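Beneath this line is the structure, given in structure tokens, with notes to follow.
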Amino acid sequence: MTTEPPSEAPLEEAPASTTTAISHPDIYVALTHDLLNAQEIMDKVRSPEAGAIVLFAGTTRNNFAGKPVKELHYTSYLPLAISTLEKIAFAQKEKHSLNKIAIIHRLGVVPIGEESILIAVSSPHRKAAWEAGEETLEECKAKVEVWKREEFGGDEGGVWRANRDGQAGVRIS
């Protein structure tokens, strides 16, 4: 996977209010331009056999490396990104014997305080759910073909970076 989007990559590859999803009986993955809804994602993993549901919500913070962040822009190579999400979900479900797993990532502009990713997992016991939630996030950051552009205030402009914590970015004007 490349660590940067192509220089000609648009900030938004689809109009607002679009969602691309793949759903199996125990797996749901999606990429959307819509606001994320934590309750809806938790409901997708509810199961009478589950003793635990873990939800991770990744939100846009107002700073990065001491610089004020105005907002984030997410873009992806949609066909490959949705397929990668599906592979991650199947692998995590199998590895941790999960009841169900759901992953949804937001594309387009994500303002401060709003969620860019939700991961929900259910399992018979909490330890597997905790571990699966964390591993799923790390796998998504490492493998899914989603890039983010951090928009800084003032003259800073924006920086494209792979969707990974602490990775150096490429300044754009």
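The values are calculated or read from the model by the stated rules, or taken from the named source; none is laboratory data. Here the structure is a predicted model, which is why all the values come from computation and not from measurement. FYI the Cβ positions are ideal-geometry reconstructions off the backbone, even for glycines, and counts take in every protein chain you see.
Worth a mention:
- First in the range 116-132 and among the hydrophobic types (A, V, I, L, M, F, W, C), second anywhere and surrounded by fewer than 16 Cβ atoms within 10 Å (Cβ to Cβ) and modelled with pLDDT of 95 or more, Cβ under 7 Å, 6 or more apart: Leu118/Ala38; Leu118/Ala57; Ala128/Ser97
- Top-ranked residue of the range 15-44 - restricted to ones that are under 19 Å from Thr60 (Cβ atoms) and in contact with a Ser or Thr (Cβ under 7 Å, 6 or more places away or on another chain), ranked as surrounded by the fewest Cβ atoms within 10 Å (Cβ to Cβ): Asp34
- Selection within the range 36-72 - assigned to a strand (DSSP E or B) and of a type in the set (D, E, K, R): Lys67, Lys70, Glu71
- Any chance Ile104 is in a strand (DSSP E or B), in contact with a strand residue (DSSP E or B) (Cβ under 9 Å, 6 or more places away or on another chain) and touching a residue at least 40 places away in the same chain (Cβ under 8 Å): yes
- Flag for Thr75 being part of a helix (DSSP H, G or I), of a type in the set (Val, Ile, Thr) and either crowded, with 20+ Cβ neighbours inside 10 Å or in contact with a strand residue (DSSP E or B) (Cβ under 7 Å, 6 or more places away or on another chain) (or both): no
- Selection count where residues are more than 21 Å from Leu78 (Cβ to Cβ), in a helix (DSSP H, G or I) and acidic (Asp, Glu), scope the range 109-154: 4
- Unique residue being of a type in the set (Asp, Glu), modelled with pLDDT of 95 or more, within 12 Å of the chain's Cα centre (by Cα) and buried (at least 16 other Cβ atoms within 10 Å of the Cβ) when the list is Glu135, Glu145: Glu145
- None of Phe90, Phe56 is under 15 Å from Glu139 (Cβ atoms) and touching a Gly at 6+ places or on another chain (Cβ under 8 Å) except Phe56.
- For the range 79-101, the candidate set comprises residues that are among the aliphatic types (A, V, I, L, M), part of a helix (DSSP H, G or I) and in contact with a strand residue (DSSP E or B) (Cβ under 6 Å, 6 or more places away or on another chain); within that set, the residue that is nearest to Gly51 (Cα to Cα) is Ala89.
- Verdict on Glu139 being acidic (Asp, Glu) and closer than 17 Å to Gly58 by Cα: yes
- Per-region count, the range 23-67, residues without any contact (Cβ under 8 Å) to a residue 24 or more places away in the chain, in contact with a strand residue (DSSP E or B) (Cβ under 9 Å, 6 or more places away or on another chain) and within 17 Å of Ser97 (Cα to Cα): 1
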